[in-house]
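> Submitted below is the structure of interest, expressed as structure tokens.
FYI, it's all coordinate maths here, none of it is from the lab. Bear in mind that the values here come from a model prediction, so they are computed numbers and not experimental data. Here Cβ is always computed from backbone atoms with ideal geometry, including for glycine, and neighbour counts include all displayed protein chains.
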Amino acid sequence: MKQINTPYTDTNKISKFCEECLQEDFITVDTEFVRTNTFFPKLCLIQIANSKKAIVIDFLSTNNLKPLLDLLLNKNIVKVFHAARQDLEIFFNLFNKLPKNIFDTQIASSFLGLEEQISYEKLVLMFCNHKIDKNYQFYDWSIRPLKKLQIQYALSDVVYLRKIYSELIKILSEKKRLNWTTHEFEKLLDTKKYEYNPKSYWKKIKVNKLSNSSLQKLKKITEWREKKCILKNLTRNHVLNDKKIIKLATCKNPTKNVFSHFGVNDLSKKDEEKILHILNIKEKSSKIEQFTYHKIELKKLKQLKNLLQIISNHLEITESLIATTSDLKSFLKDESDKTNFFKGWRNEVFGNYAVKLLENKLLFEKINDKVVIKVK
């Protein structure tokens, strides 16, 4: 494969390369970006490799990427990524669309008993017997001009990916797990994952217990913070981090001094007035409700965890790939609609057994040092 060390900036050259890719069964794709001081990732490079050539597109010097969009949206060509989540976010922000027909080598590897979030470097060493130089792993890719070694590093992210993909496809097919990975890739292409909803981000803030009044304040302040971050393209920490939002939302009888008291020093006077207004909104009802988690039966949770461990060992894949502790708790709280292991391949290997376990319809036998599950 020919590796082109001069970045593509000309639309005609990019278009010609994309046309060449239309003859391929699959292409490998990666991006380089920076996200130090901005809410949205700043795209710098796009790397693509087909069977004959690997190139780098300098996004900072390119005006027209329609040929690339057409290629990414082509359903007949597999687009291979490693740890695709951030790359897909970048393409969604750029085009308001997601690539079609993708394959994520990190996710696929987790179905072979490898680490659930295995690094690209480990896969290259494993399948290509090559050690990647990490000197440019955390480099500021927005700096120009680009060095030759930088470009070579960027190209390595798509060159070795081709062999990794081919090997993974072969092994997954032999184990009859290729359709399992397809289900996971489809979840990655849910546009809701990449849409920013200022009203719902509060759910990601880690807090165990809040009064109804404090919860409402936390929701409103968080929504304000998210909108400002999106509008100004600033990081959350630059505007107001989660810990300070919790402190403000739970403060009693807030005054102007509340900001200096909690070390909130970077807000404008207008922003302070807006937040202070939120903090002083009076509840219409005097009734205070507690925001708490439901209790679950620890004995049943332990039984489910044991079952999960047995199945995980049998399949030689990580437990969390099948079901998380959060999934198990949702199931015990009778929230089956929120439980991932009742969907697709997970229901086949674990969900059905989880139901039968709680119905006391499972038997466990030890045969040749292995635990075998039988249905009564």
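> Mind checking the full-extension length gain between Lys343 and Lys97? Use 0.36 nm per residue of separation minus the Cα-Cα distance, one decimal, nm. If you can, show how the numbers build up before the last one.
Numbers: separation 246, 0.36 × 246 = 88.56 nm, distance 2.55 nm.
Residue separation times 0.36 nm, minus the Cα-Cα distance, leaves 86.0 nm.
> Starting from the Cα-Cα distance between Ile281 and Lys163, subtract it from 0.36 nm times their residue separation and give me the gain in nm to one decimal.
Values: separation 118, 0.36 × 118 = 42.48 nm, distance 5.97 nm.
Gain on extension, Ile281 to Lys163, equals 36.5 nm.
> Given the chain, what percent of its DSSP beta bridges are antiparallel, to the nearest 5?
DSSP beta bridges in the chain are roughly 70 percent antiparallel.
> Ordered by residue, what ³J(HN,Hα) values in Hz, to whole numbers, does region 99-112 give under the Karplus form 6.51 cos²θ - 1.76 cosθ + 1.60, where θ = phi - 60° and Gly and Pro are x?
With coefficients 6.51, -1.76 and 1.60, one gets x, 9, 6, 9, 9, 10, 5, 5, 5, 4, 5, 5, 8, 10 Hz.
> I need the Debye-formula profile for the chain: one equal scatterer per C-alpha, no solvent, reported as log10 I(q)/I(0) at q = 0.07, 0.09, 0.14 1/Å, two decimals.
Log10 of I(q)/I(0), two decimals: -0.45, -0.72, -1.21.
> Further, regarding this structure: Work out Dmax and Rg for region 292-376 from the C-alpha atoms and quote the Rg first, both in angstrom.
12.6, 46
> Same structure again: Under 1.5 on a/c is rounded, so check that first for region 2-193, then, if it is not, pick prolate when a/b is larger than b/c and oblate when it is not; a ≥ b ≥ c are the square roots of the alpha carbon gyration tensor eigenvalues.
rounded
> While we're on this one: Measure off 7 Å from each Cα along the Cα-to-Cβ vector at Val375 and His238, then give the distance between these two points in nanometres to one decimal.
5.6
> Fewest Cβ neighbours within 10 Å first, please rank Tyr8, Tyr120 accordingly.
Tyr120, Tyr8
> Still on this structure, I have one more. With Cβ to Cβ distances under 12 Å as the rule, what net charge do the other residues near Asn64 carry (K, R +1; D, E -1)? Intermediate results must be reported in sequence, preceding the final value.
Numbers: positive: Lys13, Lys66; negative: Asp10, Asp70.
Around Asn64, the charge tally is 0.
> Now for a separate question. In terms of the Cα gyration tensor, with a ≥ b ≥ c the square roots of its eigenvalues, is region 179-309 rounded because a/c is under 1.5, prolate because a/b exceeds b/c, or oblate? Let's see the in-between values first.
Working: a/c = 2.62, a/b = 1.46, b/c = 1.79.
Oblate.
> Now for a different question. May I ask you to evaluate 6.51 cos²θ - 1.76 cosθ + 1.60, the Karplus curve with θ = phi - 60°, for each residue of region 275-282 and list the ³J(HN,Hα) values in order in whole Hz, giving x for glycine and proline?
Once θ is set to phi - 60°, the couplings for region 275-282 become 5, 4, 4, 4, 5, 9, 5, 8 Hz.
> Within region 249-264, list the residues whose amide N lies under 11 Å from a label point set 7 Å along Cα→Cβ of Ser211.
Answer for this model: 250-253.
> Order by neighbour count: Ile118, Ile367, fewest other Cβ atoms within 10 Å first, most last.
Details: Ile118 19, Ile367 7.
Final ranking by Cβ density, sparse to dense: Ile367, Ile118.
> Give the relative contact order (percent, whole number) for the chain; include only Cα pairs under 8 Å separated by 6+ residues.
Values: 480 pairs, mean separation 51.6, N = 376.
Relative CO of the chain lands at 14 percent.
> Follow-up question, since we're still on this one. Between region 54-73 and region 141-161, how many Å separate their Cα centres?
For region 54-73 versus region 141-161, the Cα centre distance is 16 Å.
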